[in-house]
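The values are calculated or read from the model by the stated rules, or taken from the named source; none is laboratory data. The shown structure was predicted, so the numbers you read here are calculated from the model rather than taken from an experiment. Cβ placement follows ideal geometry from the backbone for every residue including glycine, while neighbour counts extend to all protein chains displayed.
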Amino acid sequence: MKKIGVLTSGGDAPGMNAAVRAVVRKAIYHDLKVSGIYGGYAGLIKGNIEELGLGSVGDIIHRGGTILLSARCEEFKKKEGQLKGIEQLKKAGIEGLVVIGGDGSYRGAKALTEHGFPCVGVPGTIDNDICGTQFTIGFDTALKTVIEAIDKIRDTATSHERTFVIEVMGRDAGDIALWAGLAGGAETVLVPEENYDMNEICDRLRKGHERGKKHSIIVVAEGAASGVELGKQIRELTNFDTKVSVLGHMQRGGSPTAFDRVLASRLGARAVELIIEGKGGRAVGIENNQIIDHEIADILGGAHTLDTNLLRLSKELSI
Ligand code: ADP
């Protein structure tokens with residue numbers, strides 16, 4: 001093995017740059033050349049490939065987004081697109097590829113490996129919804145952003161004695177809502193993994209109001225309900241002054257936390273080792289502070305589960 005490649009794909013996440021840096025530096029440490037593929041699988045098909053030196057990843061560890069850019073690419077879901085990608089990789093002299101992204105990106109990495117081109121996956125997504133790892137790169141930073149927003153909203157909610165519905169990202173996974181709700185002291189957390197009862201939510205709000213609570217905060221994952229709709233229903237059912245805040249894409253940006261930078265550095269470096277060891281088709285993760293790896297096929301076959309103990313705790317503490 002003389003040269004490897006690295007790309008970022010799918011939804012971006014803070015910490016992807018730290019992972020790219022780790023891949024490049026670790027490869028060079030092992031006397032390998034390394035190329036960056038710009039614009040995910042779409043860039044790969046077009047051959048947007050450039051060799052990266054030590055300095056090219058300097059001054060990026062603290063930056064959000066991804067210097068390699070990211071994209072979604074329908075063409076890559078088909079065999080012809082994947083074979084075009086392999087042609088470009090071979091033309092550039094690349095013999096193994098590190099793919100930083102989410103589930104969809106892992107599917108692409110699996111397909112390339114099945115066509116004989118070894119790829120290793122690194123979990124980069126704010127949603128924390130990838131199997132085979134306790135944490136994904138970007139989750140901790142997104143939580144920090146959401147908690148900062150909740151704290152600020154709490155100030156104004158208290159001044160005006162209002163109920164606030166805060167909608168956060170998470171189409172299929174409630175991790176951001178749950179962790180941010182617990183850390184932000186929300187009265188109610190709604191996640192896509194669990195049905196909710198509108199009457200119960202309103203009863204809780206009324207009880208809080210009766211015992212003199214100055215404000216109420218409801219954190220809802222976008223996949224559980226629309227924040228705007230929920231706010232409307234609460235207003236109608238309780239008559240409480242209810243405002244809605246949809247946090248949106250701000251959750252995907254920002255400088256990565258120390259946790260995400262360290263996680264990205266460890267995962268990126270391990271991915272390079274796996275490529276060197278000839279273990280294509282695997283993806284790295286963290287479990288009990290140990291860096292581990294699994295077959296991508298197993299990861300894609302499994303279902304991400306919400307921490308039900310944490311959900312119970314969040315309910316117990318918000319009575
Ligand atoms: P994420 O990686 O964040 O889950 P997406 O689901 O959008 O994001 O996937 C990113 C890209 O991965 C897609 O645009 C596509 O190019 C590629 N991809 C997704 N699914 C497949 C698939 N089944 N086979 C090959 N490539 C895929």
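Condition check: within 9 Å of the ligand (Cβ to nearest atom) and in contact with an Asp or Glu (Cβ under 6 Å, 6 or more places away or on another chain). Does G124 satisfy that? Against the criterion (within 9 Å of the ligand (Cβ to nearest atom) and in contact with an Asp or Glu (Cβ under 6 Å, 6 or more places away or on another chain)), G124 does not qualify.
The strands (runs of 3 or more DSSP E) found entirely in segment 171-259 include none that carry 2 or more residues being without any contact (Cβ under 8 Å) to a residue 40 or more places away in the chain and buried (at least 20 other Cβ atoms within 10 Å of the Cβ).
Any residue in segment 202-217 that is touching a strand residue (DSSP E or B) at 6+ places or on another chain (Cβ under 9 Å) and closer than 14 Å to V246 by Cα? Yes, some residue in segment 202-217 is touching a strand residue (DSSP E or B) at 6+ places or on another chain (Cβ under 9 Å) and closer than 14 Å to V246 by Cα. Just a yes or no: is a residue in segment 271-280 charged (D, E, K, R), crowded, with 20+ Cβ neighbours inside 10 Å and within 24 Å of the chain's Cα centre (by Cα)? No, segment 271-280 contains no residue that is charged (D, E, K, R), crowded, with 20+ Cβ neighbours inside 10 Å and within 24 Å of the chain's Cα centre (by Cα). Of everything in segment 121-161 that's at pLDDT below 95 and touching a His at 6+ places or on another chain (Cβ under 6 Å), which residue is farthest from Y196 (Cα to Cα)? Per the criteria, the residue is T158. Restricting segment 89-99 to residues that are out of contact with any Pro (no Cβ under 8 Å at 6 or more places or on another chain) and crowded, with 22+ Cβ neighbours inside 10 Å leaves a set whose member that is nearest to G47 (Cα to Cα) is L89.
Residue selection: G81 fails the criterion of being crowded, with 18+ Cβ neighbours inside 10 Å and under 23 Å from G278 (Cα atoms).
As for segment 126-148, it holds at least one residue that is aliphatic (A, V, I, L, M) and farther than 29 Å from T242 by Cα.
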